[in-house]
Structures are given as C-alpha cells and as structure tokens.
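The structure appears right after this line, and notes come after that.
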C-alpha cells in the first residue's frame, strides 16, 4: 500500500515537474483521429510509414523555428507581425549573396543575421521608445520591409550552393539535420525562458510592465532583446527555406503565412497573448498539430479550400480545448 | 495662491491662450488629414473641385464603414481580423448569386447580411463563451470564411455583379445644387456613422462597450452583461463589413484577393483615428477621418507616381509616424 502511494506521489510529482501543456493531449487526439481517418479513407500510411512521420516534422521545421521566436515576444506581451517579410528578405538576400558559391556562404549568413538583428532592434525601439502598440509598429515595419524587397527583387534571385543544402536535405544517421536544428532551437528557447535571468525578466515584463519597472527591471532592454531574438529566429527559418528551395523569392514568407501562423501556433500552445504565461514546449505541440493536419489533409486528398476552412476551425477548437474552463473573460 | 498679485495678462493674450487651448484640443488626426489633403489639392487640380472631392469621399466610404465597425470591437479590447475575408465572401458570393440577374439583388444582399450576422454571432460566441482571445478566434474565422467563400465559388470568381448592385458603391445622386453630385456611398456612410454615433457616444450600451475595454472585471461587477455586449460588438463589426463589402464590390472587379489585407488597413485607420488597441477609447468622427487619412495617403503616393513597392514602404513609415504622433500628443494631455 505505502509503496504504491509513494510511487504514485512520485509519479504525480514527476508529471507536475515536467509540466506537459494540455495541448499535447490535443496533438495526440488529432494524430490518432487523423490516422484513423487515413486508415479508413486512404492507404493508412500515417501509422506505418516512418518517412511520413519524419516528413510531418520536417514540414514543421520552418514554422517551428520562427514560432519559438514569436513565443518569446508574446511572453513579453508584445507581438511581431514582421516575421514573414523578415523570412523573405533573408531568403532573397542569402541566395543573392551566395550565387551558388560555397565561399560566399559565411558572408551571406553574417549579412542576413545582421539584417535580422537590425529589424528586431528597430521593432523593439519603436515599441519601447515611441510607445507604439506592437501590433501597429510591426505591421508598419513589415510594410517597409515588403516595400524594400519588392523594389529590389521581383523573382527567384541567385541560388544556394550544394554545400548549403545540407541544412534542408541531409540527415545525421537516420535523423534529418533540420529536425536536429528545430530541437536545438526549441531547447535554446526553453533554456532562455526557464533557466536564465533574461527569461525571468521577460515573464516579469509580460506579466506587468509597470510592476517590472518598479522592481528595477530595465523593461525596455528586455523587450528589445526579445524582439531581436524573434527576428533572428525568422532569419533562421528563412535560411532553412532557402536551403530547401535552392533559391530565394520575395514571396516565400507571406505565402507561408508565417506571421499569423506563428502567432496561432504559439497561442494554440498555451502562451497567453496578454503575456507573462506560456512557453516553447506548448508552441512545439502547436506547430506539430499544424504539421499533422497538413499531412492528414494531403493523405486524404482534400480540396485545398476546405483545408483552409478546417484549419481555421481547428485553431479555434485547439485553443478552446483549454480556455473554455477559464473563469476570466477573454479579450 | 495668495501671492498671485502679479498683474493680470492682457485681454488679448487671454484670447490668444483660449484659441491656443482650443487648437491643442483638436485631435491630431484632423491636422494630419487636412495637411495631406492640402498637399493633394496643390499637386492635382482634381482635388480642388467638388466633383473630385466627392469622388475621393466615394472611394473612402467603404474603408470608413469598416473602420467604425472595427472600432466598436477594438473599444471592447478585442480585435476583429475576419472583416477582410467577409468582404471577399460578399463579393464572390454575390456575384455567384446575382449572375447578371438584377431582380436577384435584394436576395443577394439579404443573404450576405444574414451570413454576416451569423459570422458575427459565432465570433462573439467563441470569444465570450469559449474564452478564446479574439485575435485567435477571428484569425480562425478569417481562414474559415476565406476558405468557405473560395470553396463555394470553386476557387475562381464566377458569375457577374449587376449594375443595380454595383450602384451602392459607385452611384451618385445627380443634379444636387452647389456640389452637382453626391455619392450613395457617402450617404450610406453618413447614416451608419450617425447611428453608430448615437449607439457609441450617447447610449448606455456605448458606455458599457468602453467600460469593458477599460476593465472587464470592474464592468462585470457593476452589472454590465459583458458577454452580450461583446456578441453585439462582433455582430456590428461583421454587418458593417458586409455593407462595406457590397460597396467595395461596386467599383472593384470580382476578384479572389479583393478583401486581402483590409483588416490590417482598417485597424491602422482606427489607430490613426486615436483608437487605443486594448480598448477603452474611441470616437466615430475621428475614426472616419482616420480612414480618410489612410486613403489620402494612398492617393498622395499614387499622385507622386511611386511604384507599388515604394508605396508600401512609405505607407509603413507614415503609419508608424502618424501613430507615434497621435500617441505622443495624447500622452501629453494625461
């Protein structure tokens, strides 16, 4: 009796410590439900074919990396709508600089990260110093970036060398490099939020800026830092996309809807839009839900417009699965 | 207090001071709008004639209607991102229903208004009862409505819009003294603005909207039926989006991307008009002028002959600058 109750307690404590966000249950439901539909209406490959499983994750890499950055910003009660065009500018600039030559790769990476840091810095400065709502501020900067790219590039530009495509296509043993990168980014995001001073400060700023300021935080710096990291994650997504597409085009970011989808996955993952609550593990689940959905829809050969409808409905249902019990009114 | 035996400032200075205080009290959006509009007038003779000004107002009215609807939702502390998709739905759906048969016009309009009502109710229900932040709820609705509209028409525009349907957006009352013509669109805007003005500024319901935006808990405790008020706010926004969509379809062609990005433009117009994101502040008049300002900016950039990409960039800069100006000038007053 006693031993079982102790181990029971241990188990409960363990579960509480790792703190699985409720959205993982939703992920399991979607995965099983999709798999069963696939068994009935299609060839039932989702459960049996490992390649499809890996593909779900590879598809999620691009959205996953930028969603981690978006999570940081949203934890700080801000938002970044400029990531889509940051991805685009990374894609076109890097392939333009590389021109298919391996020797240009370091320069290209340096330049695009420089651009990313600059964009994040500008976003952060506008939001904190001019006190403009982050929604409008980043909407403005995304228009500016959009204008700059479309004025300079109009189509696929340059190309990436074979050596750079390892990021998108090669595998380390059985595991694709892209998945390792995604895991590293998620882990870095977790470490930053839960194991560093910066993370603690960010939760403080997101929970209540004024309280944070009064307790001696340099709230502006924390938020600017979060925005810089978010833009850098968008740059990493851009590099991943360009290494898969082999050449950058100005529309890769907005066509992938990376701005709104990264926000949606973050919120689906349980991070509060009002800030101060949430984390990257939930976001990862949100991203995987989107990946599973894509794969299931493809397997079932669904009408593309119906896909969009279902996507919208499932975003709402996923968030509803844990908000409907809350006592607080949503805004 | 008692030591103010200094001589009183002269009458003249006092009058100047009252005028100056009055000037300071005028919201920033009017200076921005009239500033841009005067530049427009100097650059192009079109904007010096009553006819040209009426054409400008006709073009802007749909955005202004969308903006006052959005303002109601923004004032409760929410967002409505689904309005762009509603415009797409209205244009695509109506052209399918009408299919060049003018007698179908009332049916098409009532169908669209009913759909708008339904969308607004669902938005409101999802936000109020499922407790989903409206940003996500209406983002989901945006995908749903857009996908649904495209699925309905089969992916490409089908059918035709009839003349009597298009007249709502592009028609004029003719032979009006002094100004010659008066656009239907502006008349519709004025009626809706007046109705919204009374709801928003002169009724208890309006006070409740602002109270919710200010502090949900406090308004709940003082007896505001938060969920009901939220639902109505989303319904108003959706219905206004339908009306705006009917007018937009009047002068644009039938196009699957017709409503794209409108939600962002509308929110930007509201913010330029002094609406606080997060709720608690707004004004019908200022928001209408916020929409006028946005349209004036587009026209100015067109007139300067900038290619499309530069227009985007400059538009972004101007939005940030205008909002910073509005934000800074309201902060000083506090």
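Here are a few things to note about the model shown:
- Verdict on residue A:260 being facing chain B (nearest Cβ under 8 Å), within 12 Å of the chain's Cα centre (by Cα) and surrounded by fewer than 23 Cβ atoms within 10 Å (Cβ to Cβ): yes
- Applying the condition of being part of a helix (DSSP H, G or I) and out of contact with any helix residue (DSSP H, G or I) (no Cβ under 6 Å at 6 or more places or on another chain) to region A:244-259 and asking which residue is nearest to residue B:144 (Cα to Cα) yields A:255.
- Candidates B:127, B:91, B:73 - the one that is facing chain A (nearest Cβ under 9 Å), in contact (Cβ under 8 Å) with a residue 24 or more places away in the chain and part of a helix (DSSP H, G or I): B:127
- Counted residues, region B:204-235 - those being away from chain A (no Cβ under 11 Å) and surrounded by 24 or more Cβ atoms within 10 Å (Cβ to Cβ): 3
- Residues located in region A:271-309, provided they are farther than 24 Å from residue B:88 by Cβ and either assigned to a loop (DSSP other than H, G, I, E, B) or free of Cβ contacts under 8 Å to residues at least 12 places away in the same chain (or both): A:271, A:272, A:273, A:274, A:275, A:276, A:277, A:278, A:279, A:298, A:301
- Subset of region A:134-158 that is part of a loop (DSSP other than H, G, I, E, B) and in contact with a helix residue (DSSP H, G or I) (Cβ under 7 Å, 6 or more places away or on another chain) - its residue that is farthest from the other protein chains (Cβ to nearest Cβ): A:158
- Verdict on residue A:268 being buried (at least 19 other Cβ atoms within 10 Å of the Cβ), more than 7 Å from every other protein chain (Cβ to nearest Cβ) and in contact (Cβ under 8 Å) with a residue 24 or more places away in the chain: yes
- Number of positions in region A:244-256 that are in contact with a strand residue (DSSP E or B) (Cβ under 8 Å, 6 or more places away or on another chain) and either at positive phi or surrounded by fewer than 24 Cβ atoms within 10 Å (Cβ to Cβ) (or both): 2
- Residue check for residue A:119: out of contact with any strand residue (DSSP E or B) (no Cβ under 7 Å at 6 or more places or on another chain) and touching a residue at least 60 places away in the same chain (Cβ under 8 Å): yes
- Taking the conditions (1) under 22 Å from residue B:122 (Cβ atoms); (2) in contact with a helix residue (DSSP H, G or I) (Cβ under 8 Å, 6 or more places away or on another chain); (3) within 12 Å of another protein chain (Cβ to nearest Cβ) in turn, residue A:326 satisfies each one other than (2).
- Among residues of region B:248-265 that are crowded, with 23+ Cβ neighbours inside 10 Å, those with a beta-carbon under 9 Å from a residue that is in a loop (DSSP other than H, G, I, E, B) at least six positions away or on a different chain give the pairs B:248/B:258; B:248/B:259; B:249/B:161; B:249/B:258; B:263/B:79; B:263/B:80; B:263/B:81; B:263/B:82.
- The sole residue among B:228, B:210 that is in a helix (DSSP H, G or I) and over 20 Å from the mean Cα position of the chain (by Cα) is B:228.
- Residue match in region A:223-243 (condition: outside any helix (DSSP H, G or I), more than 25 Å from residue B:133 (Cα to Cα) and in contact with a strand residue (DSSP E or B) (Cβ under 8 Å, 6 or more places away or on another chain)): no
- Residue check for residue B:73: modelled with pLDDT of 95 or more, buried (at least 18 other Cβ atoms within 10 Å of the Cβ) and more than 18 Å from the chain's Cα centre (by Cα): no
- Residue ID - nearest to the other protein chains (Cβ to nearest Cβ), chosen from residues in region B:285-334 that are surrounded by fewer than 17 Cβ atoms within 10 Å (Cβ to Cβ), within 29 Å of residue B:187 (Cβ to Cβ) and over 17 Å from the mean Cα position of the chain (by Cα): B:302
- Options B:274, B:282, B:244; residue that is part of a helix (DSSP H, G or I), away from chain A (no Cβ under 12 Å), buried (at least 20 other Cβ atoms within 10 Å of the Cβ) and touching a helix residue (DSSP H, G or I) at 6+ places or on another chain (Cβ under 6 Å): B:244
The values are calculated or read from the model by the stated rules, or taken from the named source; none is laboratory data. On a predicted model such as this, the values are computed, not experimentally measured, just so you know. Virtual Cβ from ideal backbone geometry, glycine too; neighbours counted across all protein chains shown.
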